[in-house]
Amino acid sequence: MNQFDDLKRGLSRAWEHVTDGWHELTARAGQALTRFNPVHRAETDTREDAAVLAASCRWALLAADVRVDDEAVHVNIEAPGMRAEDFQLDVAGDTLYVRGEKHLERSERAGRYHVLERAYGSFERAVPLPVAVEENDASARYEHGVLRVRLPRAAHTRTRRIAVQSR
(Lines give C-alpha, C1' and ligand atoms only; values in the text may rest on other atoms or scores of the structure.)
Protein backbone atom coordinates (compact mmCIF):
# COMPACT_ATOMS: atom_id res chain seq x y z
CA MET A 1 0.00 0.00 0.00
CA ASN A 2 1.14 3.47 -0.67
CA GLN A 3 0.31 6.76 1.02
CA PHE A 4 -2.23 7.63 -1.66
CA ASP A 5 -4.29 4.51 -0.88
CA ASP A 6 -4.10 5.26 2.87
CA LEU A 7 -5.26 8.82 2.25
CA LYS A 8 -8.09 7.60 0.02
CA ARG A 9 -9.28 5.13 2.67
CA GLY A 10 -9.07 7.78 5.39
CA LEU A 11 -11.09 10.26 3.32
CA SER A 12 -13.65 7.58 2.55
CA ARG A 13 -14.10 6.82 6.27
CA ALA A 14 -14.33 10.53 7.10
CA TRP A 15 -16.99 11.03 4.43
CA GLU A 16 -18.97 8.07 5.80
CA HIS A 17 -18.95 9.69 9.26
CA VAL A 18 -20.17 12.99 7.81
CA THR A 19 -22.97 11.35 5.82
CA ASP A 20 -23.97 9.19 8.82
CA GLY A 21 -24.19 12.33 10.96
CA TRP A 22 -26.19 14.19 8.31
CA HIS A 23 -28.64 11.30 7.91
CA GLU A 24 -29.13 11.07 11.68
CA LEU A 25 -29.64 14.84 11.95
CA THR A 26 -32.23 14.93 9.18
CA ALA A 27 -34.01 11.81 10.45
CA ARG A 28 -34.21 12.98 14.05
CA ALA A 29 -34.37 16.75 13.73
CA GLY A 30 -35.22 17.47 10.11
CA GLN A 31 -38.52 19.10 11.02
CA ALA A 32 -36.75 21.34 13.52
CA LEU A 33 -34.80 23.07 10.76
CA THR A 34 -36.71 26.34 10.48
CA ARG A 35 -36.44 29.20 7.98
CA PHE A 36 -36.19 32.70 9.44
CA ASN A 37 -37.25 35.63 7.25
CA PRO A 38 -35.58 38.92 8.13
CA VAL A 39 -37.90 41.70 9.19
CA HIS A 40 -36.66 45.21 8.53
CA ARG A 41 -38.08 48.06 10.52
CA ALA A 42 -36.40 51.12 9.05
CA GLU A 43 -37.71 53.40 11.76
CA THR A 44 -36.12 51.40 14.63
CA ASP A 45 -33.09 49.69 13.12
CA THR A 46 -29.82 51.48 12.79
CA ARG A 47 -27.79 50.95 9.65
CA GLU A 48 -25.48 48.73 11.68
CA ASP A 49 -28.42 46.64 12.95
CA ALA A 50 -29.69 46.26 9.38
CA ALA A 51 -26.23 45.01 8.34
CA VAL A 52 -26.18 42.47 11.19
CA LEU A 53 -29.65 41.23 10.23
CA ALA A 54 -28.63 40.93 6.58
CA ALA A 55 -25.55 38.88 7.53
CA SER A 56 -27.25 36.65 10.11
CA CYS A 57 -28.31 33.06 9.45
CA ARG A 58 -31.57 32.35 7.68
CA TRP A 59 -31.96 28.86 9.16
CA ALA A 60 -31.98 27.65 12.76
CA LEU A 61 -33.13 24.65 14.75
CA LEU A 62 -36.30 25.02 16.79
CA ALA A 63 -36.10 21.60 18.40
CA ALA A 64 -39.32 20.14 19.79
CA ASP A 65 -40.30 17.32 22.10
CA VAL A 66 -43.86 15.98 21.83
CA ARG A 67 -45.13 13.84 24.70
CA VAL A 68 -48.57 12.31 25.12
CA ASP A 69 -50.04 11.19 28.42
CA ASP A 70 -53.57 10.08 29.36
CA GLU A 71 -54.90 13.66 29.48
CA ALA A 72 -52.89 15.86 27.11
CA VAL A 73 -50.28 16.37 24.44
CA HIS A 74 -47.27 18.32 25.72
CA VAL A 75 -45.09 20.18 23.22
CA ASN A 76 -41.83 21.80 24.31
CA ILE A 77 -39.91 23.89 21.78
CA GLU A 78 -36.48 25.37 22.35
CA ALA A 79 -36.61 29.00 21.22
CA PRO A 80 -34.00 30.99 23.16
CA GLY A 81 -33.78 34.76 23.13
CA MET A 82 -37.46 35.50 22.75
CA ARG A 83 -40.38 36.77 24.84
CA ALA A 84 -43.81 35.24 25.38
CA GLU A 85 -45.45 37.97 23.31
CA ASP A 86 -43.24 37.06 20.31
CA PHE A 87 -45.24 33.84 19.69
CA GLN A 88 -48.54 33.07 17.98
CA LEU A 89 -49.95 29.55 18.30
CA ASP A 90 -52.64 27.94 16.16
CA VAL A 91 -53.99 24.40 15.86
CA ALA A 92 -55.30 23.29 12.48
CA GLY A 93 -56.28 19.67 12.11
CA ASP A 94 -53.52 17.51 13.52
CA THR A 95 -50.83 20.23 13.48
CA LEU A 96 -49.68 22.87 15.95
CA TYR A 97 -48.38 25.95 14.14
CA VAL A 98 -45.89 28.07 16.05
CA ARG A 99 -45.26 31.45 14.47
CA GLY A 100 -43.05 34.13 15.88
CA GLU A 101 -40.43 36.73 15.44
CA LYS A 102 -36.99 36.76 17.00
CA HIS A 103 -35.70 40.31 17.38
CA LEU A 104 -32.11 41.46 17.25
CA GLU A 105 -31.22 42.79 20.68
CA ARG A 106 -27.76 44.12 21.31
CA SER A 107 -26.47 45.50 24.56
CA GLU A 108 -23.03 46.32 23.16
CA ARG A 109 -22.52 48.56 20.15
CA ALA A 110 -18.72 48.59 20.07
CA GLY A 111 -16.72 46.09 18.02
CA ARG A 112 -17.46 43.99 14.96
CA TYR A 113 -19.04 40.61 14.56
CA HIS A 114 -16.80 37.82 13.31
CA VAL A 115 -19.30 34.99 13.78
CA LEU A 116 -23.05 35.30 13.16
CA GLU A 117 -24.73 31.95 13.73
CA ARG A 118 -28.03 33.00 15.29
CA ALA A 119 -31.10 33.60 13.16
CA TYR A 120 -33.42 36.59 13.46
CA GLY A 121 -36.73 37.47 11.91
CA SER A 122 -40.11 35.85 11.51
CA PHE A 123 -40.58 32.09 11.40
CA GLU A 124 -43.19 29.35 11.32
CA ARG A 125 -42.72 25.85 12.73
CA ALA A 126 -45.31 23.12 12.15
CA VAL A 127 -45.43 20.39 14.79
CA PRO A 128 -47.48 17.29 13.94
CA LEU A 129 -49.75 16.18 16.78
CA PRO A 130 -50.08 12.41 17.34
CA VAL A 131 -53.70 12.54 18.56
CA ALA A 132 -56.69 14.87 18.26
CA VAL A 133 -56.73 17.72 20.79
CA GLU A 134 -59.16 20.23 22.30
CA GLU A 135 -57.47 23.45 21.19
CA ASN A 136 -59.95 25.65 23.09
CA ASP A 137 -58.56 24.43 26.42
CA ALA A 138 -54.90 24.65 25.43
CA SER A 139 -52.38 26.60 27.48
CA ALA A 140 -48.85 27.84 26.82
CA ARG A 141 -46.02 29.47 28.72
CA TYR A 142 -42.51 30.57 27.84
CA GLU A 143 -39.71 30.31 30.35
CA HIS A 144 -35.96 29.79 30.26
CA GLY A 145 -35.92 29.73 26.45
CA VAL A 146 -38.49 26.95 26.15
CA LEU A 147 -42.05 27.34 24.85
CA ARG A 148 -44.26 24.83 26.71
CA VAL A 149 -47.66 24.06 25.20
CA ARG A 150 -50.28 21.80 26.79
CA LEU A 151 -53.11 20.61 24.54
CA PRO A 152 -55.79 18.49 26.22
CA ARG A 153 -56.59 15.33 24.30
CA ALA A 154 -59.96 15.15 22.59
CA ALA A 155 -62.39 13.13 24.70
CA HIS A 156 -62.53 10.27 22.19
CA THR A 157 -58.72 9.84 22.29
CA ARG A 158 -58.25 9.83 26.06
CA THR A 159 -57.07 6.65 27.66
CA ARG A 160 -59.59 5.10 29.99
CA ARG A 161 -58.80 2.08 32.10
CA ILE A 162 -61.49 -0.58 32.21
CA ALA A 163 -61.72 -2.66 35.34
CA VAL A 164 -61.91 -6.41 34.82
CA GLN A 165 -64.27 -8.13 37.22
CA SER A 166 -64.39 -11.79 38.14
CA ARG A 167 -67.54 -13.84 38.63
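Before moving on, here are some points about what is shown:
- Among the candidates GLU124, GLU117, GLU85, residue that is exposed (fewer than 10 other Cβ atoms within 10 Å of the Cβ), within 21 Å of ALA29 (Cα to Cα) and within 22 Å of the chain's Cα centre (by Cα): GLU117
- Residue count for the range 117-161 satisfying the condition of being part of a loop (DSSP other than H, G, I, E, B) and of a type in the set (Gly, Ala, Ser): 4.
- Note on the range 53-103: enclosed strands (runs of 3 or more DSSP E) holding 3 or more residues that are of a type in the set (A, V, I, L, M, F, W, C) and in contact with a strand residue (DSSP E or B) (Cβ under 8 Å, 6 or more places away or on another chain) are 59-61, 64-68, 72-78, 87-92.
- Test: residue in the range 1-23 that is under 30 Å from ALA55 (Cα atoms), touching a strand residue (DSSP E or B) at 6+ places or on another chain (Cβ under 9 Å) and modelled with pLDDT under 85: no
- Residues located in the range 24-44, provided they are β-branched (Val, Ile, Thr) and at pLDDT below 80: THR26, VAL39, THR44
- Selection over the range 127-146 of residues that are at pLDDT 95 or above and either among the charged types (D, E, K, R) or touching a Phe, Trp or Tyr at 6+ places or on another chain (Cβ under 6 Å) (or both) gives a count of 2.
- In the range 71-81, the condition of being free of Cβ contacts under 8 Å to residues at least 60 places away in the same chain, β-branched (Val, Ile, Thr) and surrounded by 14 or more Cβ atoms within 10 Å (Cβ to Cβ) is met by no residue.
- For the range 3-21, the criterion of a residue being closer than 30 Å to VAL133 by Cβ, surrounded by 10 or more Cβ atoms within 10 Å (Cβ to Cβ) and either more than 15 Å from the chain's Cα centre (by Cα) or not aromatic (Phe, Trp, Tyr) (or both) is satisfied by no position.
- Residue check for SER122: without any contact (Cβ under 8 Å) to a residue 24 or more places away in the chain and of a type in the set (S, T, N, Q): no
- Residue check, ALA110 among the small types (Gly, Ala, Ser) and in contact with a strand residue (DSSP E or B) (Cβ under 6 Å, 6 or more places away or on another chain): no
- Which listed residue, of THR26, THR34, is surrounded by 10 or more Cβ atoms within 10 Å (Cβ to Cβ), among the hydroxyl-bearing types (Ser, Thr, Tyr), at negative phi and part of a strand (DSSP E or B): THR34
The values are calculated or read from the model by the stated rules, or taken from the named source; none is laboratory data. On a predicted model such as this, the values are computed, not experimentally measured, just so you know. Cβ sites come from the backbone with ideal geometry, for glycine too, and all protein chains shown count toward neighbours.
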